[in-house]
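For reference, the structure is listed below as structure tokens.
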Amino acid sequence: MARVALVTGGTRGIGAAISKALKASGYKVAASYAGNDAAAEKFKAETGIPVYKWDVASFDACAEGVKKVEAELGPVDILVNNAGITRDTAFHKMTLQQWNDVINTNLGSLFNMTRQVIEGMRARKFGRIISISSINGQKGQFGQVNYSAAKAGDIGFTKALAIENAKGGITVNVIAPGYINTEMVQAVPKDVLEKNVIPQIPVNRLGEPEEIARAVVFLAADEAGFITGSTLTINGGQYHA
């Protein structure tokens, strides 16, 4: 029986690359998304991967969504917490909503999603929980106090949960990507990318979503059972934690 993988934010950007790579590696994949129906339908048509719509910032929506996935595909063996948003502004101008939206989606979602699957993983003595953090959760970034706090929290969540579940066949790891060639990064003006961002990356280019996806496939494998509590930085040499 093919193992079931659930990828949050799995229809666009890094998430879409992860969903496709897991499917290509033989997993049964479900991709969740928050709001872009057109992108989700296009992704589903192109890949054949089933898509499910819910807000990862809502515990109840996650409970309902995971139940639906498990009813249709089977128990979730691999959870990829990839969904994330930005609400960038300098902290002294940040609103409570900008803070809460980012914390709830980028950090709260790890509780909301993982809590739905952890008991089943413990009962079956197998699980892979892989969360996507960010270089900015490791080094900080101007205008991203909310995002950096949430992404740093993802790393702390991973380290503690890994210890709790290490004896039960469940690994918990986090990937911290640098600047990846996605819609989010392409929204940065070209001259800013070329003058300010790329020169800071020793390999002198943006990363590709597929490069993050390959790391997820590696960590999801049965053979990766001795890797847990780890933070894998994939940033072209830009930052070493």
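Here are some notes:
- For the condition modelled with pLDDT of 95 or more and either within 12 Å of Ile175 (Cα to Cα) or surrounded by 13 or more Cβ atoms within 10 Å (Cβ to Cβ) (or both), Phe226 does not qualify.
- Residue within the range 203-213 that is within 26 Å of Asn100 (Cα to Cα), outside any helix (DSSP H, G or I) and among the β-branched types (Val, Ile, Thr) present: no
- Exclusive hit being within 26 Å of Ala149 (Cβ to Cβ), within 14 Å of the chain's Cα centre (by Cα), crowded, with 19+ Cβ neighbours inside 10 Å and β-branched (Val, Ile, Thr), set Ile14, Ile78: Ile14
- Count of the range 20-68 residues which are over 15 Å from Val117 (Cα atoms) and part of a loop (DSSP other than H, G, I, E, B): 13
- Check on Arg205, of a type outside the set (A, V, I, L, M), closer than 19 Å to Ser131 by Cβ and modelled with pLDDT of 95 or more: no
- Residue within the range 181-189 that is under 15 Å from the mean Cα position of the chain (by Cα) and modelled with pLDDT of 95 or more present: no
- Subset of the range 136-182 (residues that are among the small types (Gly, Ala, Ser), in a helix (DSSP H, G or I), closer than 29 Å to Met94 by Cα and in contact (Cβ under 8 Å) with a residue 12 or more places away in the chain): Gly137, Ser148, Ala149, Ala150, Ala152, Gly153
- Filter pass, Ala160 being within 18 Å of the chain's Cα centre (by Cα), of a type in the set (Gly, Ala, Ser) and surrounded by fewer than 15 Cβ atoms within 10 Å (Cβ to Cβ): yes
- Of Ile132, Ile212, Ile198, Ile180, all but one fail to be among the β-branched types (Val, Ile, Thr), more than 30 Å from Pro75 (Cβ to Cβ) and crowded, with 19+ Cβ neighbours inside 10 Å; the exception is Ile180.
- Subset of the range 90-113 [of a type in the set (Ser, Thr, Tyr) and either crowded, with 19+ Cβ neighbours inside 10 Å or in a helix (DSSP H, G or I) (or both)]: Thr105, Ser109
- In the set Lys151, Lys139, only one residue is in contact with a Ser or Thr (Cβ under 7 Å, 6 or more places away or on another chain) and more than 13 Å from Ile129 (Cα to Cα); that residue is Lys151.
The values are calculated or read from the model by the stated rules, or taken from the named source; none is laboratory data. Model, not experiment: these values are computed from the prediction. Here Cβ is always computed from backbone atoms with ideal geometry, including for glycine, and neighbour counts include all displayed protein chains.
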